[in-house]
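The values are calculated or read from the model by the stated rules, or taken from the named source; none is laboratory data. Bear in mind that the values here come from a model prediction, so they are computed numbers and not experimental data. Counting neighbours? That spans all protein chains shown, and the Cβs are built from the backbone with ideal geometry, glycine included. In case anyone asks, the SASA skips ligands and DNA or RNA and just uses the protein heavy atoms, side chains included. Shrake-Rupley method; radii C 1.70, N 1.55, O 1.52, S 1.80 Å.
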Amino acid sequence: MQAEPRRVEHGISIDAPAEVIYRLIIGVEDWPTVFPPTVHVECLERSGDSERIRIWATANGSVKTWISRREFDHERRQVTFRQEVSAPPVAAMGGQWVVEPTSASTSRVRLYHDYRAVNDDPEGLAWIEAAVDRNSQAELAALSAAATRTADDRELMLSFEDSISVPGRAEDVYDFLNRADLWPQRLPHVAEVALQEDVPGQQLLEMTTEAADGSVHTTTSIRICSPHDRIIYKQIGLPALMELHTGCWSVRGTETGVFVTSQHTVIIRRENIEPILGAGADSAQARAFIRNALGTNSRATLQHAKQYVEQRV
C-alpha cells in the first residue's frame, strides 16, 4: 500500500502587482533567466488553459528532467502542475502556484507541493524534501527579484549573438561544439576542460579560459545537447561580474551549408562592476566589457569550427 503524499507549502510577500508576478510564473520559456535551478524549458503542447512542458533543472546538485502538465486559472492567478514523467527518486510530484494581491502594488505568493518517493523509500523522500525546500526558496526569492526589477536593474541585462556560415555538414559542426573535451586542443583560448556526461545529452562542463588581457577564468556549465541542431547551456559557476549567463549554440542547415549562431543572455552583478572595472565604471561599461569578452570567445569558437569542418569536406 502506497504512503500518503508528503505536502508542503512555501510562501513570500513581494512588493509588486499580482499580474506582474503571475506573468512571470506562466512564462516558462523565460524561467532559465528567472529561476536559478531551471536550466531549460520546452513547451511540448499548448491548448487553451493547459500546456505540457519538459523541464531540465538542478536538484541537490544534480540535473533532473521531467515532463509536467500545467493548468491555468487566469482569473484567480493560479497554476496547477503535475509531473507526467518523473525522475527518480521522485515517484509522483505535483502542486500549485497561487498569487494573491494584498494591495494594488503588493502580493503574497504561495507555492504548494505534494510528492512521493519511489517505493516510498525514506532516503528518497528525504532527498526530495531537501530538493523541494531548497529550490522553492530559491525560486521564490528569484521571483521577487524579477518582479521588482527597476529600469536601472534592466540596464544590467543584455542578450546578443554572433553567427557564421559554414560550407559543410551540420553533423560536423555539431560534433565540434559537442566535443568540448577536445577544446583545449582545438581552441587557443581554452586552457583546460573537465567534461562529465553521465546521461547522454546532459553535460557538466568545467572550463578554464584565457582572455585577451591574459586573465584566466574558470566557469562551470550545464549543457543540454540536442543532436544535431543545438546545445543549450546555463552557467552554474560564474565569473564575478555576472549574476546569470545562459546561452545556446544553434546549427541550421542552408542551401549552401550550415548557419551557426552563438547566443548569450547575461545579467551583470552590479556590486562587482567597480571592483572589477575600476572606480567610476557603470553598467554601460560593464555591458560593453562582457559583450566584447564573450563575443570574442564565441567568434573564435565559430571560426575554428568552420576551419574544422572545411578540413573534412
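Report the trypsin sites (Lys or Arg not before Pro) located in the stretch 6-94 that are in a DSSP loop and have at most 11 other Cβ atoms inside 10 Å of their Cβ, or state none. List each step's numbers first, then the result.
Details: sites: R6, R7, R23, R46, R52, R54, K64, R69, R70, R76, R77, R82; in loops: R76, R77.
Listed in order of number, the matching sites are R76.
Quick one: Debye curve from the C-alpha atoms of the stretch 176-266, no solvent, what's log10 I(q)/I(0) at q = 0.19, 0.21 Å⁻¹?
For the stretch 176-266, the Cα-only Debye profile gives -0.96, -1.15.
Under 8 Å for C-alpha pairs, at least 6 residues apart: give me the relative contact order for the stretch 47-193, rounded to a whole percent.
Values: 169 pairs, mean separation 18.4, N = 147.
With pairs under 8 Å counted, the relative contact order is 13 percent.
Could you give the spread of the C-alpha atoms of the stretch 97-240 along their three principal axes, from largest to smallest, in whole angstroms?
56, 49, 31
Kindly express, to the nearest 10 degrees and within the range 0 to 90, the angle between helix 122-147's C-alpha long axis and the longest C-alpha principal axis of the chain.
That helix lies at roughly 80 degrees to the long axis.
Just to be sure I understand the model, the point goes 7 Å from the Cα along the line to the Cβ. What's the resulting D229 to S105 distance in nm?
Those two pseudo-labels are separated by 4.6 nm.
Jot down the per residue volume, in cubic angstrom and as a whole number, of the convex hull over the alpha-carbon atoms of the stretch 119-180. Spell out each step's value before the answer.
Numbers: hull volume 12.0 nm³, N = 62.
Convex hull volume per residue, Cα atoms: 194 Å³.
Equivalent-ellipsoid semi-axes (√(5λ), Cα gyration tensor) for the stretch 40-100, whole Å, largest first? Don't skip to the end; give the middle numbers.
On the way: eigenvalues 96, 36, 21 Å².
Its equivalent ellipsoid spans semi-axes of 22, 13, 10 Å.
Averaged per residue, what accessible area in Å² does the chain show with a 1.4 Å probe, protein chains only?
Details: 15540 Å² over 313 residues.
Solvent-accessible surface per residue comes out at 50 Å².
Please give the per residue volume of the convex hull enclosing the alpha carbon atoms of the chain, rounded to a whole number of Å³. Working shown, then result.
Numbers: hull volume 48.9 nm³, N = 313.
For the chain, the hull spanned by Cα atoms encloses 156 Å³ per residue.
Taking amide H positions as placed 1.01 Å from N in the peptide plane, with prolines and chain starts having none, which residues 5 or more places from E155, or on another chain, fall under 5 Å of its amide H?
The list, which skips near neighbours in sequence, is empty: none.
Over the stretch 134-206, with every protein chain in place, what whole percent of the accessible area is carbon and sulfur at 1.4 Å, could you tell me?
On the way: 1670 of 3690 Å².
Percent of accessible area from carbon and sulfur atoms in the stretch 134-206: 45.
About its Cα centre, what dipole magnitude does the stretch 76-193 give when the only charges are +1 on Lys and Arg Cβ and -1 on Asp and Glu Cβ, stated in debye to the nearest 20?
Numbers: 12 positive and 19 negative charges, 114 e Å.
About 540 debye.
When the Debye formula is applied to the Cα atoms of the stretch 250-313, each taken as the same point scatterer, what base-10 log of I(q)/I(0) results at q = 0.21 Å⁻¹?
For the stretch 250-313 at q = 0.21 Å⁻¹, log10 I(q)/I(0) is -0.86.
Sum up the charges of everything whose Cβ sits under 14 Å from the Cβ of W31, counting Lys and Arg as +1 and Asp and Glu as -1, but leave W31 out.
Working: positive: R23, R54, R70, K234; negative: E29, D30, E42, E51, E139.
Value of the local net charge: -1.
Counting other Cβ atoms within 10 Å of each Cβ, which GluC sites (Glu not before Pro) in the stretch 222-294 have at most 10 and sit in a DSSP loop? Working shown, then result.
Values: sites: E243, E255, E271; in loops: E255.
Taking the stretch 222-294 and a limit of 10 other Cβ atoms within 10 Å, the loop GluC sites (Glu not before Pro) found are E255.
Nothing charged except the Cβ atoms of Lys and Arg (+1) and of Asp and Glu (-1): what's the magnitude of the dipole of the stretch 249-313 about its Cα centre? Round to the nearest 20 debye.
Values: 8 positive and 5 negative charges, 27 e Å.
Computed about the Cα centre, the dipole is about 140 debye.
Can you give the charge dipole size of the stretch 159-259 about its Cα centre, rounded to the nearest 20 debye, using +1 on the beta carbon of Lys and Arg and -1 on the beta carbon of Asp and Glu? Before the final figure, lay out the partial values.
Details: 7 positive and 15 negative charges, 33 e Å.
Magnitude of the dipole: close to 160 debye.
If you filter the stretch 216-313 for trypsin sites (Lys or Arg not before Pro), then keep DSSP loop positions with at most 13 other Cβ within 10 Å, what is left? Write down the numbers at each step before the final one.
Details: sites: R223, R230, K234, R252, R269, R270, R287, R291, R299, K306, R312; in loops: R269, R312.
Answer in residue order: R312.
Please give the contour-minus-distance gain from T218 to L182: 0.36 nm per residue of separation, less the Cα-Cα distance, rounded to one decimal in nm.
Details: separation 36, 0.36 × 36 = 12.96 nm, distance 1.65 nm.
Additional length available on full extension: 11.3 nm.
Tell me, what is the percent relative contact order of the stretch 198-267, built from C-alpha pairs under 8 Å that lie six or more residues apart?
Numbers: 131 pairs, mean separation 15.1, N = 70.
Answer for the stretch 198-267 is 22 percent.
Residue by residue through the stretch 103-110, what is 3J(HN,Hα) from phi via Karplus (6.51 cos²θ - 1.76 cosθ + 1.60, θ = phi - 60°)? Round to whole Hz and write x for glycine and proline.
6, 5, 10, 9, 8, 10, 10, 10
If eta is 1.002 mPa s and T is 20 °C, what Stokes-Einstein diffusion coefficient results for the stretch 163-229, Kirkwood Rh from Cα pairs, in µm²/s? Don't skip to the end; give the middle numbers.
Working: Rh = 13.1 Å.
D = 164 µm²/s.
Enumerate the amide H contacts of A91 below 5 Å, restricted to partners 5 or more residues apart or on another chain; note that Pro and chain-start residues carry no placed amide H.
For A91, whose amide H was placed from the backbone, the distant partners under 5 Å are R116, A117, V118.
Once every DSSP H run of n ≥ 4 in the chain is given -39500 (n - 2.57) and the sum is divided by its residues, what mean residue ellipticity at 222 nm do you get, rounded to the nearest 500 deg cm²/dmol?
Values: 8 runs with 89 residues, N = 313.
For the chain, the value works out to -8500 deg cm²/dmol.
Classify the stretch 1-159 as rounded, prolate or oblate, taking a ≥ b ≥ c as the square roots of the eigenvalues of its Cα gyration tensor: rounded when a/c is under 1.5, otherwise prolate if a/b is larger than b/c and oblate if not. Don't skip to the answer; put the middle values down first.
Working: a/c = 1.66, a/b = 1.58, b/c = 1.05.
It is prolate, given that a/c is not under 1.5 and a/b is the larger ratio.
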